[in-house]
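Below is one structure; the comments refer to it alone.
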Amino acid sequence: MALDFHRLDTNEYLFGINDTEYAHLESIFIEFTQQTGIFIDPYGDTQLKVTHLKKIIQMIATNLTTESNMDKEKTKVIQDFRRKIAHFSDKGITLKALGD
């Protein structure tokens, strides 16, 4: 796995993304880093507060609108990731992303 996502408060494993999925999400993670200074990478650990999750959700919405020529697999990965983090954002759950 490229990244495993856990609840910060209980350390419960929630979901993971593999290297291929990470590659599809990398441009969003780079933009997030540019805007916030927070790195989401497959080699480190990152805490993502609800405000960070909402920012990523907003960036994905913009990204999917402006890049309508993305391949179907990439679009599916991005939408699935957005759905997962929106669920935790709505519940007020802070995540931690753990790299290898």
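Using a 1.4 Å probe and ignoring any ligands, DNA or RNA, find the accessible area of residue 14 and quote it in Å² to the nearest 10.
About 40 Å², ignoring ligands and nucleic acids.
Please list, ordered by chain and number, the residues whose modelled amide H lies under 5 Å from the amide H of residue 8; skip anything fewer than 5 residues away on the same chain.
It is 94, 95, 96, by chain and number.
About its Cα centre, how strong a charge dipole does the stretch 1-41 have in debye, to the nearest 20, once Lys and Arg get +1 and Asp and Glu get -1 at the Cβ? Kindly include the intermediate steps, with their values, before the conclusion.
Values: 1 positive and 8 negative charges, 18 e Å.
Dipole magnitude for the stretch 1-41 comes out near 80 debye.
Taking the Cα atoms only, what angle lies between the long axis of helix 50-66 and the longest principal axis of the chain, rounded to 10 degrees?
Helix 50-66 sits roughly 10 degrees off the main axis of the chain.
Rounded to the nearest 20 debye, what is the charge dipole size of the chain about its Cα centre when +1 sits on each Lys and Arg Cβ and -1 on each Asp and Glu Cβ?
Values: 12 positive and 15 negative charges, 101 e Å.
Roughly 480 debye for the chain.
For residue 15, list long-range residues whose amide hydrogen, built 1.01 Å from N in the peptide plane, is under 5 Å from its own amide hydrogen.
Those lying under 5 Å, H to H, from residue 15 are 5.
With only Lys, Arg, Asp and Glu charged, each at its Cβ (+1 for the first two, -1 for the last two), find how big the charge dipole of the stretch 46-100 is about the Cα centre; round to the nearest 20 debye.
On the way: 11 positive and 6 negative charges, 51 e Å.
Magnitude of the dipole: close to 240 debye.
Just checking my list (1) 10.0; (2) 6.3; (3) 5.7 against mean projected area of the Cα convex hull in nm² computed from this structure; which label fits?
(3)
Please give the contour-minus-distance gain from residue 13 to residue 26: 0.36 nm per residue of separation, less the Cα-Cα distance, rounded to one decimal in nm. List each step's numbers first, then the result.
Details: separation 13, 0.36 × 13 = 4.68 nm, distance 2.15 nm.
The residue 13-residue 26 span can extend by a further 2.5 nm.
Along the stretch 74-83, what does the Karplus equation 6.51 cos²θ - 1.76 cosθ + 1.60 (θ = phi - 60°) give for ³J(HN,Hα), rounded to whole Hz, x for Gly and Pro?
4, 4, 5, 4, 5, 5, 5, 4, 4, 4
Carbon and sulfur together cover what percent of the accessible area of the chain at a 1.4 Å probe radius? Mind showing how you got there, number by number?
On the way: 2730 of 5710 Å².
Carbon-and-sulfur percentage of accessible area, whole number: 48.
I'd like to know which of 43, 22, 88 lies farthest towards the positive end of the charge dipole of the chain, counting +1 on Cβ of Lys and Arg and -1 on Cβ of Asp and Glu.
88
Work out the charge dipole of the chain with +1 on the Cβ of Lys and Arg and -1 on the Cβ of Asp and Glu about the Cα centre, then indicate which of 97, 64, 34 is farthest towards its positive end.
Working it through, the farthest residue towards the positive pole turns out to be 64.
The values are calculated or read from the model by the stated rules, or taken from the named source; none is laboratory data. Bear in mind that the values here come from a model prediction, so they are computed numbers and not experimental data. Neighbour counts run over all protein chains shown; Cβ positions are idealised from the backbone, glycine included. Ligands, DNA and RNA are stripped out before the accessible areas are found, and what is left, the full protein with its side chains, is counted by its heavy atoms. Shrake-Rupley method; radii C 1.70, N 1.55, O 1.52, S 1.80 Å.
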